[in-house]
Each structure stands twice: as C-alpha cells, then as structure tokens.
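Working notes for the structure below.
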Amino acid sequence: MTSAGKAVRYDILDQYAVKEESKQLPPDRFVEKYGEMGLVQPLYNPEALAKLIEVNTYHYRCCKTKARDAAGLGWNIKPLGDKKKDSTESPVYKELDSFFSELPETCSQILDKLMLDYEAVGYAALEMVRENDDPEGKPVLLAHVPVHTLRIHADLKRFVQIRNGKKRWFKRVEYPYDVHKDTGREGPLKSLQAEDRASEIIWFVNYTPRSDYYGLPDIIPAIGAIWGDIARRDYNIAFFDNYGVPAYAVFVSGNFDPGEVDENGRTEMEKMIEEHFAELAKNPHSTLILSVPTEGRDEEVKIEFKSLSAEVKEASFRLYRNDNRDEILSAHGVPPYRVGVNETGSLGGSTAAESTEIYKMSVIEPRQEMLEAAINRYIIWSAFQAGDWEFKLAEIDTTDEKLDLEIIAGLFEKGAITPNQIIRHFKDRFGLEEVEHPAMNAHYVGGRAIDIEEEEEEPILSGEEGLLDEAEEVFQKYQSETEQALLSLNQRLIEIAEKSLK
C-alpha cells in the first residue's frame with residue numbers, strides 16, 4: 001500500500017523500489033556563454049551553492065554569523081602612526097568618513113552581503129564607481145554585486161554579469177584599459193565615452209588549489225552532511241504524514257475470486273483493499289477487516305501483510321542529525337555557541353569563551369584582514385591618495401568584563417597601573433576621557449601616590465594654604481567618585497552576567 005492508501009500490484013512493485021533522489025544542481029545560466037564569451041566556468045554552480053543556505057539551518061546560521069562577525073559590526077577610519085587629538089577635524093578624515101557614511105546602503109550592510117556571498121559561494125565582488133566614470137577619479141559609490149550573476153573572463157581582467165536576460169561588463173580594479181560596459185571590448189584608457197566605460201570590481205576569493213579564477217566555500221567537504229540531513233528530515237515527515245503507520249505490501253494467495261476488472265486493469269479485490277487502507281489512514285489505529293471470496297467452499301486463501309520499512313529508531317535519527325550538524329559546524333570552523341547550540345565541556349562547564357576566542361583568531365580575523373587590505377589599498381591609499389589613514393573593521397568582543405575589571409582593580413591596588421591607564425583601557429567601552437593631572441598619572445599603594453615626591457614643608461601663606469586645601473579636597477572627591485564608579489560598574493556587569501545565565 002502507498003501512503004495514500006492505494007494498492008500496488010505485485011508485478012509492478014519492483015518498479016517503485018526505493019531509489020536515490022536526484023542530486024542534480026540547478027542549471028547554470030551561463031552554460032551557453034562560456035565558450036562564446038571566453039568566460040571561465042566555476043568548479044561548482046554558484047546558484048546551487050547559494051541555494052544550499054536555504055535548505056539547512058546550521059549552514060545558513062554559520063554563513064550569516066561569519067559574515068556578520070567579519071564585516072557587519074561597524075567600521076572606523078583611523079590615522080596611521082601616533083593618534084592625534086584633532087584627527088577627526090582633518091579634511092582628509094572628513095572626506096573619507098563622508099564617503100563611507102553616505103553610501104546608499106550602509107557600509108556594514110554592503111560588506112555583510114559581500115561576505116555572505118563569500119561564505120556561501122566561495123568568492124565575492126565589490127563594485128567601485130568613480131566620479132564622472134573617470135578611471136583616475138575618486139570613488140563615489142561602493143555596491144555589492146550578487147556573485148552568482150557574475151563570471152570571470154579567462155584573461156582575469158574582465159567580468160560579465162547576466163541578470164534578467166541582460167549583460168553588463170566590468171573590469172578588475174585598476175586595470176589600465178577601458179572596457180565597454182555593453183560589449184566587453186577593450187581600448188586604451190580614456191578612449192571610450194564616460195557613459196560607456198565599465199566600472200571596477202574588487203574580487204575576493206576563498207582560495208582553492210583547483211582554480212586560478214574562483215574559490216570554494218568552506219561547506220564543500222560537508223555537502224554530504226547537508227543532503228543526509230535533508231534525507232533524514234524527509235523520511236521523518238513522510239512517516240508522520242502516514243500517522244506512523246509503516247508501508248505495507250498485501251499478498252493474497254490461493255483459489256479466490258478477484259472480481260471483475262475495470263478499464264484501468266484493477267480488480268474489485270484491489271479496489272476493496274485500497275478503500276480499506278484509505279479508511280485506515282483517515283482513522284489511525286482503527287481495525288482493518290478484509291474478507292476474500294473463494295472459488296470453492298473448501299479452498300484455502302492466504303492473506304499476508306509484509307512491512308516494507310523497518311522500525312524507526314528515533315535515537316539513531318537523533319545521533320545522525322547531531323553528526324551532520326557537527327560536520328557542518330566543523331567545516332565552517334564556527335563554535336556551536338555562535339549558532340545557538342549549547343554544549344558543555346567534559347567537566348560540565350561551558351567551552352564558549354575558549355571556542356569563541358579560537359574562532360575569532362583563526363576564522364574572523366583573517367577575513368577582516370582581507371577586507372581591510374583591499375579597501376585600504378584600492379580605495380583609501382590609491383583612489384583617495386590618503387596614505388596616512390586606514391579603514392578598520394570592528395572586532396567581535398570576546399572579553400569577560402567582570403574578570404577584566406577584577407584584574408584592573410588588583411593592578412591598581414598594587415601600584416602597577418595608573419588612573420589614566422585604566423581610563424585608556426576602558427574608554428572605548430564606556431566613553432571615558434583622560435584627565436591631564438599629575439595625580440592621574442601616578443601609581444598608588446594603600447591610597448598614597450608612590451611616585452610623586454613630597455616636597456619639604458615651607459611656610460605657607462594663608463591664601464596658598466586655602467588653595468592647597470581646596471585642591472586636596474577636589475582630588476579626594478575625584479578619587480572617591482572614581483572608585484565608586486568602578487564598583488558600581490563592576491556590580492552592574494555582575495547583574496548582567498547573572499541575568500544572561502538565567
């Protein structure tokens with residue numbers, strides 16, 4: 001019987017034996033263009049790779065998490081070398097900050113999309129448009145190019161995009177030739193009209209030794225785990241759609257009357273069995289009664305029900321799902337904690353802090369360095385000629401602030417760190433500012449400065465005595481307020497940590 005309650009004749013049962021589902025990938029929209037246009041075919045169909053994030057929860061979360069951690073947490077323009085107080089007042093800083101801040105999409109959104117392509121497909125493209133389409137002009141626009149719509153030419157210098165049946169050519173950033181945006185034809189620099197010039201592409205590749213043109217996503221070794229998990233999911237869905245009743249084959253043997261045959265070649269016996277099983281599917285756990293008419297009174301008829309599927313092992317499915325999940329996470333290098341999976345260490349403690357620090361250093365920082373190097377080289381230093389500045393992406397925060405505060409407090413009490421050094425350590429997190437005063441650069445033990453020499457007492461005029469008393473009172477008040485602020489901050493962080501644990 002099928003899950004819909006239909007009977008299957010024995011002579012055609014073998015035609016419906018369980019076979020592997022087709023794993024073919026979606027068709028490549030460029031399939032007829034590679035030879036014609038001189039393009040290079042990727043190792044895997046980019047559209048199929050992009051679709052993979054739609055069919056597996058853990059693969060999707062890993063791609064989104066890595067993209068956001070690498071490029072979606074914010075950015076900054078910083079001066080190279082010693083920092084200056086008036087750096088934000090520099091005309092160069094204002095020009096750079098204005099460019100990255102006033103893009104049609106936020107810079108973080110553009111780079112987040114770029115890195116999602118990089119994680120899902122293995123390579124990514126960032127379009128740069130210059131002022132008046134002048135190949136030597138300053139950039140006026142950065143835009144993400146959906147990489148599944150893009151292919152690279154065999155010369156490694158040109159790209160073509162096919163979208164909605166239309167073609168558009170691009171050239172690699174700083175390629176010293178004009179490329180026609182509609183035909184891909186090359187010519188000397190500035191030989192084309194500005195409106196005909198192709199814009200530039202900054203190309204990012206997750207390197208593979210198998211290709212000089214394209215990269216591969218981290219998920220490639222674990223694609224089998226994704227398809228295995230899909231098969232597990234589909235099997236379970238089919239099982240519950242059938243109310244947990246396994247598929248059966250009904251064998252009727254002996255001298256019986258099958259009844260008349262209709263125009264479709266089905267006998268009355270087959271139709272009767274179908275009706276019985278259809279009723280059973282509508283009313284699970286009801287009783288099934290079959291009566292088979294025989295040819296003679298003493299003839300024996302045998303009815304046999306044979307299950308076509310083995311008993312479902314729920315524990316096995318659970319282990320298989322966990323194995324698939326772990327393989328996907330391992331391929332991405334993402335700790336379970338970052339994708340919402342809670343795991344404990346061998347002694348019952350959490351491994352989140354250690355795993356996240358390794359993930360930050362081995363997975364996220366190399367990606368940030370790749371993005372920063374490209375943006376600094378092609379945009380900041382070359383296009384804007386701003387060699388004293390650099391583009392920096394915000395890092396994921398893996399610090400334990402409670403532990404950090406305890407260490408800082410211990411160092412301060414032992415005279416190992418000054419108040420201004422504490423402020424420098426925490427100023428980005430809490431918006432603190434340094435105070436230019438000798439007492440704020442001194443080291444303290446037991447509440448007394450140990451590196452400020454005490455001068456010999458001299459006769460003090462009444463006016464000076466009042467001034468010194470006032471200064472001492474201000475210092476004591478500031479020291480007390482600083483200590484209270486640190487204690488209050490420490491207590492607040494403890495409350496936040498306890499609340500998150502609950």
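The values are calculated or read from the model by the stated rules, or taken from the named source; none is laboratory data. This is a predicted model, so every value here is computed, not measured. All Cβ positions, glycine included, derive from the backbone under ideal geometry; neighbour counts span all protein chains shown. In case anyone asks, the SASA skips ligands and DNA or RNA and just uses the protein heavy atoms, side chains included. Shrake-Rupley method; radii C 1.70, N 1.55, O 1.52, S 1.80 Å.
Over the stretch 160-279, accessible surface divided per residue gives 54 Å², non-protein components excluded, 1.4 Å probe.
Listed cross-link partners Lys33/Lys66; Lys157/Lys190; Lys138/Lys166; Lys94/Lys427 are compared with a 26 Å cut-off, the Cα-Cα value being larger for Lys33/Lys66; Lys138/Lys166.
Of the solvent-accessible surface of the stretch 165-241, computed with a 1.4 Å probe over protein heavy atoms with every protein chain present, carbon and sulfur atoms account for 53 percent.
The shape of the stretch 99-179 comes out oblate: with a ≥ b ≥ c from the C-alpha gyration tensor, a/c is at least 1.5 while a/b does not beat b/c.
FRET efficiency for the Asp134 to Asn164 pair, using the beta carbon distance and R₀ = 25 Å, is estimated at 0.30. Among 409-422, 48-61, the peptide with the highest mean count of other Cβ atoms within 10 Å heads the list, and the full ranking is 48-61, 409-422.
Label separation (Leu141 vs Leu319): 5.7 nm, computed from points 7 Å beyond Cα along the C-beta direction.
The peptide list 120-129, 371-380, put in order of mean Cβ contacts within 10 Å with the highest first, becomes 120-129, 371-380. Between Val445 and Tyr207, the contour length at 0.36 nm per residue exceeds the alpha carbon distance by 80.2 nm.
Would you mind telling me the share, in percent, of accessible area of the stretch 53-133 contributed by carbon and sulfur at probe 1.4 angstrom?
It is 45 percent, rounded to a whole number.
Can you pull the one-decimal nm distance between simple spin-label points at Glu260 and Met370, each 7 Å off the Cα toward Cβ? Going by the 7 Å Cα→Cβ label model, 7.3 nm.
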